[in-house]
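The values are calculated or read from the model by the stated rules, or taken from the named source; none is laboratory data. As the structure is a computational prediction, the values presented were derived from the model and not from experiment. Glycine gets a Cβ as well: all are built from the backbone with ideal geometry, and neighbour counts include every protein chain shown. We work out accessible area using only protein heavy atoms, side chains counted, and drop any ligands, DNA or RNA first. Shrake-Rupley method; radii C 1.70, N 1.55, O 1.52, S 1.80 Å.
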Amino acid sequence: MPQVQLSAVRFDYPDPAPTASGLLSGIDLDIDDGQYVCLVGNSGSGKSTLLRLIAGLLRPDAGIIRIGGVDVDGVPPHRRDVAMVFQGDALYPHLSVARQLSVGRAQTNVRDSTRLSDIVRSTRIEGLLDRFADGLSGGELKRVGLAKALIRNAGVRLLDEPLSGIDASHRQSLADILIEVHQRGGGVTLHVTHDGQEAVRVADSIAVLHDGRIVQRDNPEVLLDKPEHRATCRLLTPWGLNEFAFTPASKSRSNQIQLSKLPDQDMNTAPTVCILPQAVSVECIESSSTPANVPATLQRVGGDRWAIVGNLVRRASNRFTVSLPIHTHDRSDEAGTKALLRFTVADHDGSMKSAEPGRTVRMVFADDAVHFFDADGWRQDVH
Ligand SMILES: Nc1ncnc2c1ncn2[C@@H]1O[C@H](COP(=O)(O)OP(=O)(O)OP(=O)(O)O)[C@@H](O)[C@H]1O
């Protein structure tokens, strides 16, 4: 039996006026005991709202939330088996960290000091106990907030952006703390973030929230290999993802796909292709074969690969930036624009070593680096 189960949960805030489809428009999510799940979604997609619904701080408009198999409708937050770490947890500025933790103790009736010192150790705040909240760094505040939440020995930990605002060098150690806390504490962790790469690092399983629904839920490897929705592709490959609108191939020229760029908002309602930044190979070709000013075309080669031709703009180590002549549907730029394609390639044989900007290059991508999505954003197989 799932430890946390959401069935057809709907919610919209009454003010401002609810939207036609609703902020959360039918959430189904099962989390088994022992699972560390990340919920990823863009800013404003409703991630924190979903945590608040599970914690009992908000009530769904429709649907059922079960914790430990029990429908918790009407059960107040303190009676749910849940501990929540809020974004920017509020601590009392005039109390020492030790005192803040004891406030938590009194409220939750935890008298077991061995457990308390265990929490202090696992969140690595031993050296902070006599400090005051005002003087703590962002990362230290996060760790104290986590410790406060853990004092409540709950079966479900809800973490709202626990790593945001932490510099890169401390993120990894705080991520390790979260995983360790999960493993020691057992139960369920539901961690929300807008950072897909953070989710890939920490989660056993990732749920992608988009347009009020979970559009894909699986382990990180499956999501990276086979994104079922372009939201998955965008969220899990945020940096260096090359995305174009495409014109579906006609039957007679089914091995060629014409690419174009649309204004940002239209990229959400057109068929698009996402080309991951890793290319399988790149080679210089004779410039006479450059289709100058011919719109960029993705071409099927060898049955299981795609190729595209462009001009080398920049080379930095094994990272290449290539420009493509491309159709634009933006009226402000009737003449067409050049899209930039960025990718990284291992130049094993050194054949690109002397490649100068301006050279015409052909890039060849494996099938699994090229993902097609229909106008609604769902995966589409293009043969
Ligand atoms: N109390 C509220 N009343 C009205 N609207 C709200 C309220 N709280 C949040 N919202 C709106 O609901 C939407 C979802 O907010 P929510 O905080 O759940 O998103 P999120 O995915 O967690 O975003 P972020 O990643 O930026 O924290 C946002 O448009 C937000 O402005």
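Residue by residue, region 149-157 carries 3J(HN,Hα) couplings of 5, 6, 4, 7, 6, 8, x, 10, 9 Hz when phi is fed to the Karplus relation 6.51 cos²θ - 1.76 cosθ + 1.60 (θ = phi - 60°); x denotes Gly or Pro. Taking the C-alpha atoms only, the angle from helix 113-122 to the longest principal axis of the chain is near 20 degrees. Take the chain with all the other protein chains still there, run a 1.4 Å probe, and you get 49 Å² of accessible area per residue. Treating cross-link reach as a plain straight distance, find the aspartates and glutamates whose alpha-carbon is under 14 Å from the alpha-carbon of Lys226, omitting any fewer than eight places away in the same chain. Filter leaves Asp218, Asp367, Asp368, Asp381. Note that the chain, at 37 °C in a medium of 0.692 mPa s, gets a Stokes-Einstein diffusion coefficient of 140 µm²/s from its Kirkwood radius over C-alpha pairs. When +1 charges are put on Lys and Arg Cβ atoms and -1 charges on Asp and Glu Cβ atoms, the dipole computed for region 4-227 relative to its Cα centre reaches about 700 debye. Since only Ile275, Val4, Ala231 are under comparison, the one whose Cα sits farthest along the positive direction of the charge dipole of the chain, derived from C-beta charges on Lys, Arg, Asp and Glu, is Val4.
A cut-off of 5 Å between modelled amide H atoms, ignoring neighbours fewer than 5 places along the same chain, links Asp218 with Ile206. Against the chain, whose longest principal axis comes from its Cα atoms, helix 168-185 is set at around 50 degrees.
Once the chain from Leu95 to Thr114 is taken as fully extended at 0.36 nm per residue, the excess over their C-alpha distance is 4.6 nm.
Helices in the chain, meaning DSSP H runs of at least 4 residues, each add -39500 (n - 2.57). Divided by all residues, the mean residue ellipticity at 222 nm is -6500 deg cm²/dmol. When both bridge partners sit in the chain, DSSP labels roughly 75% of those beta bridges antiparallel.
Measuring r between the beta carbons of Thr269 and Thr344 and using R0 = 45 Å, the FRET efficiency lands at 0.90. Stretched out straight at 0.36 nm per residue, the stretch from Leu57 to Arg131 would grow longer than its current Cα-Cα span by 23.6 nm.
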